[in-house]
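What follows is a single structure, written as structure tokens, with notes after it.
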Amino acid sequence: MPDFLLEVGLEEIPARMVAAAQAELARRVEELLTHERLLSGCAVSSYSTPRRLAVLVRGVLASQADAEEQLTGPSWAVAFKNGEPTPAAQAFAKKAGVEVSALQKVTTAKGEYVSATVTRKGRSATDVLTEQLPKELASLYWPKNMYWRAGKPERFVRPVKWLLAILDHAIVPVEFAGVHVGNLSYGHRILHGDHVVTINKPTEYAAELESAKVLVDVEARRHRIRKALDAATRTVPGARWREDEALVDIVTHLTEWPSVLLGTFEAEYLSLPEEVLVTVMRDHQKYFAVEDASGKLAPHFLAVLNTEADEQGIAVIRHGNERVLRSRFSDARFFWDFDQKIPLVDRVEMLRSVTFQKDLGSYYVKTQANLRITEQLTGLVEQRGVALYKAALLTATRLAKTDLTAELVKEFTELQGIVGGLYARAQGLGETVAQAIYSQYMPASTDDAIPLTIEGQILGLADRFQTIAAMFAIGLEPTGSKDPFALRRAANGVVKILAESELPLALSEIVTTAINQIDQAAKAETKLSSLATFFRERVEFYLRDVRGFSYDVVNAVLSAGFDDVRDAIARAEALTAVRSSEDFAAISAAFKRMKNIVTQASEKGLLRHGIPDKLVDTENLTDAAESALYQHAEKLALAVETLRSERKYRQALEQIATLRPHVDLFFDKVMVMVDDPAVRQNRLALIALVLAGFSSIADFSEIVTG
């Protein structure tokens, strides 16, 4: 069986987009071949560099197998009258490409119909790929696209420069974006002079390009970079490069033939805070930091190059990189010294001229709102017995945004907050203040740690809640995939802080506190329910995607409440622990049945007040099975409520599972939807009582049972 190779050559793709595009292209090609019955196995490999995306598929069928297809036509009564074919039968036979005599009678759920068995001749793999590949390429998702041919509709991340598609030795005649396919690729732009590389067989692809100084295998490049980083660092006694997987990933997707050089900078720059130095090296220059045996920064850096050179060439490149880094460090030192002339406390008024959002005013206005929220949250926390340094927290809140006026932040925007904390420490404002300001934007993602101090946690909550409530007030809530103010990320940070800290705060009371700080006109437009829905989605995301709970457990837990995030996590953990037991699975199925009965009764208008009143008339419990269920449920509810109040959720769930035999007997012996209205209402009330009494931990009807 032949092998298939597809390569799309482009101008340099942004590094952050390469991995996702590589995976998507491989998936699309595999799904295409599978759908078209052309894939015999699953040997699909994908490759990428900044200038290319490629997919290699081993074992492609040369053509589709012929397929028999059963076509159904008009009803038999319409197609044949008195045993003779009607025009309807003749038309169907012509459409199916068979003789009328070949038509058959088939019996379906809808009656007897005419059927024809036809053979569809398989198409060649070349024909299928020629037709379908352009569609797959056009469907690739890119965060940003561009047009590059005037008057042409195609959009892609960067202009397409060449296409390569071969099925064994044969070229597949694909055309995309005005580029015709061939069997030619291109080597390294510098080391190979950007000369063509002829690929005669798909399996020779990686080796041919490696000879042209291009490593198309991403993992091979990653391994080469790591080995080169280790080798370069070993030339400095006692040194090691600072592990940074994200940066390794970036430089892997920035290079085709990577090498590493070690550079040096003046030790005097080490007087600057480490955060500043690392940001300059990592974020601006894509350099790796080097540290000594104690973990402190050393006056060296590692640069990953997309080339190789002799000693003289490396010396020139090293000199250039050192000169650039020296210039950036000099700028950082100048801004640091310049900013110290105006202390943070004197920068608060300067926030009046820094716009937060055009309809919401300046950062000065936001700071005042943050202060009011912080004061109220501090009061709640202190009332609940948690000690904190209130004066330091209020100072940190007042000064949190002042570094936006600092020249260092204007130059290195990613240091916002961090610079404020460093300046607070340097200006003697106290470690509590410095830590709170420094960590106010933590966590930046669900992988990050939350602030270490209570003061930092409350500041982070107040700032995020104020932003979210204010944006919702003016109609700028996230919609679909659009979230220009990163409100989902802010809410994710809120949920993570509440989940992983010991703060005794509920979502609803913080939301209410934040809404109360919005002016009255805007507050009228802010609906508490929309914010509640928004935060429910974020708690659901945290439980499912961050903590890894199954979707049905998450749905069950959230249906019983999510205001206390840590409590929701505890309930999810307990539910996950007991769900596999036979009794609990059975009781979950029974609860689902109860819920369905109540729902159907409501839809049919059989309930007195639209909902069961849960007031059971014990004198009207006419069957022993319903009496037993009522008595056991009433007794069990007290024990479960005690365990629930102590947050002993697993024990509570295990107790609920003991209800199973009584529920089984009830459904085995008792008909709920009887004709007698009084009996029916009483049994619906009993079901509702059971549902309500044992659903405060989770809605068990949401659990999927086998």
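Amide H contacts of Lys161: Gly9, Leu10, Glu11, each under 5 Å away and 5 or more positions distant or on a separate chain (H built 1.01 Å from N in the peptide plane; Pro and chain starts excluded). Counted as membrane-span-like here are DSSP H helices of the chain whose alpha-carbon atoms extend 27 Å or more along the helix's own axis and whose Kyte-Doolittle mean is 0.5 or above; these are 454-473. Simple spin-label model, 7 Å along Cα-to-Cβ: Arg333 to Arg240 in nm? Each label point is offset 7 Å from its Cα along the Cβ direction, giving 2.9 nm. Annotation for Thr446 and Ala267: the two label points, set 7 Å from Cα along the Cα-Cβ direction, are 4.6 nm apart. With a threshold of 29 Å on the Cα-Cα distance, the over-threshold entries among Lys161/Lys227; Lys401/Lys482; Lys296/Lys410; Lys401/Lys496 are Lys161/Lys227. In terms of the mean number of neighbouring beta-carbon atoms within 10 Å, the peptides 108-118, 182-192 order highest first as 182-192, 108-118.
So if each residue of separation counts as 0.36 nm, and I subtract the Cα-Cα distance between Asp230 and Lys144, what length gain in nm does that give? Intermediate results must be reported in sequence, preceding the final value.
Working: separation 86, 0.36 × 86 = 30.96 nm, distance 3.55 nm.
This chain segment gains 27.4 nm when fully extended.
Most tightly packed first, judged by the mean number of other beta-carbon atoms within 10 Å of their residues, the peptides 233-242, 330-339, 567-576, 160-169 read 567-576, 160-169, 330-339, 233-242. Protection proxy ranking of 136-146, 278-288, by the mean of other Cβ atoms within 10 Å over each peptide's residues and highest first, is 278-288, 136-146. Rounded to the nearest 500, the helix-only mean residue ellipticity at 222 nm of the chain stands at -15000 deg cm²/dmol, with each DSSP H run of n ≥ 4 adding -39,500 (n - 2.57). For the chain, just say rounded, prolate or oblate: build the C-alpha gyration tensor, square-root its eigenvalues into a ≥ b ≥ c, call rounded for a/c under 1.5, and beyond that prolate if a/b exceeds b/c, oblate if not. Cα axes put the chain in the oblate bin. For segment 489-513 versus segment 401-429, the inter-centroid distance based on Cα atoms is 25 Å.
Find out how many positive minus negative residues lie around Asp623, taking Lys and Arg as positive, Asp and Glu as negative, among other residues whose Cβ is under 10 Å from that of Asp623. Before the final figure, lay out the partial values.
Numbers: positive: Lys669, Arg683; negative: Glu626.
Local charge sum for Asp623: +1.
Which net charge results for the neighbourhood of Asp339, defined as the other residues with beta-carbon distances under 13 angstrom from its beta-carbon, given Lys and Arg at +1 and Asp and Glu at -1?
Numbers: positive: Arg333, Lys341, Arg347, Lys410; negative: Asp331, Asp337, Asp346, Asp403, Glu407, Glu411.
Residues near Asp339 contribute -2 overall.
Here is the size of segment 564-671 from its Cα atoms: Rg then Dmax, 15.5, 44 Å. Between Arg120 and Ser530, the contour length at 0.36 nm per residue exceeds the Cα-Cα span by 142.2 nm.
Dipole of the chain computed with +1 at Lys/Arg Cβ and -1 at Asp/Glu Cβ about the Cα centre; of Pro85, Ala391, Val29, farthest Cα towards the positive end is Pro85. Cα extents for segment 1-93 along the principal axes, largest to smallest and rounded to whole angstrom: 72, 29, 17. Using the Cβ-Cβ distance between Met671 and Val546 with R0 set to 35 Å, the FRET efficiency works out to roughly 0.15.
Count Lys and Arg as plus one, Asp and Glu as minus one, and take only other residues whose Cβ is under 15 Å from that of Leu408; the net charge is then -3. Segment 3-36 and segment 219-248 have their alpha-carbon centroids 29 Å apart. Where the centroid of each part is defined by its Cα atoms, how far is segment 161-199 from segment 541-578 in Å? Rounded to whole Å, the Cα centres lie 51 Å apart.
The simple spin-label model puts a point 7 Å past each Cα toward its Cβ; for Ala628 and Ala387 those points are separated by 5.7 nm.
Met350 sits with roughly 70 Å² accessible to a 1.4 Å probe, with DNA, RNA and ligands left out of the calculation.
Amide H contacts under 5 Å for Ala43: Arg58, restricted to partners 5 or more places along the chain or on a different chain, H placed in the peptide plane at 1.01 Å from N.
Using the Cβ-Cβ distance between Asp346 and Glu12 with R0 = 45 Å, the FRET efficiency computed as 1/(1 + (r/R0)^6) comes to roughly 0.50.
Once you order the gyration tensor axes a ≥ b ≥ c over the Cα atoms, which shape class does segment 532-602 get: rounded for a/c under 1.5, otherwise prolate or oblate by comparing a/b with b/c? The shape class here is oblate. Note on segment 358-514: Rg/Rh from Cα positions, Kirkwood definition for Rh, rounded to two decimals, is 0.94.
The values are calculated or read from the model by the stated rules, or taken from the named source; none is laboratory data. Bear in mind the structure is a predicted one, so any value in this text is a computation, not a measurement. As a convention, Cβ positions derive from the backbone with ideal geometry for all residues, glycine included, and neighbour counts pool all protein chains shown. In case anyone asks, the SASA skips ligands and DNA or RNA and just uses the protein heavy atoms, side chains included. Shrake-Rupley method; radii C 1.70, N 1.55, O 1.52, S 1.80 Å.
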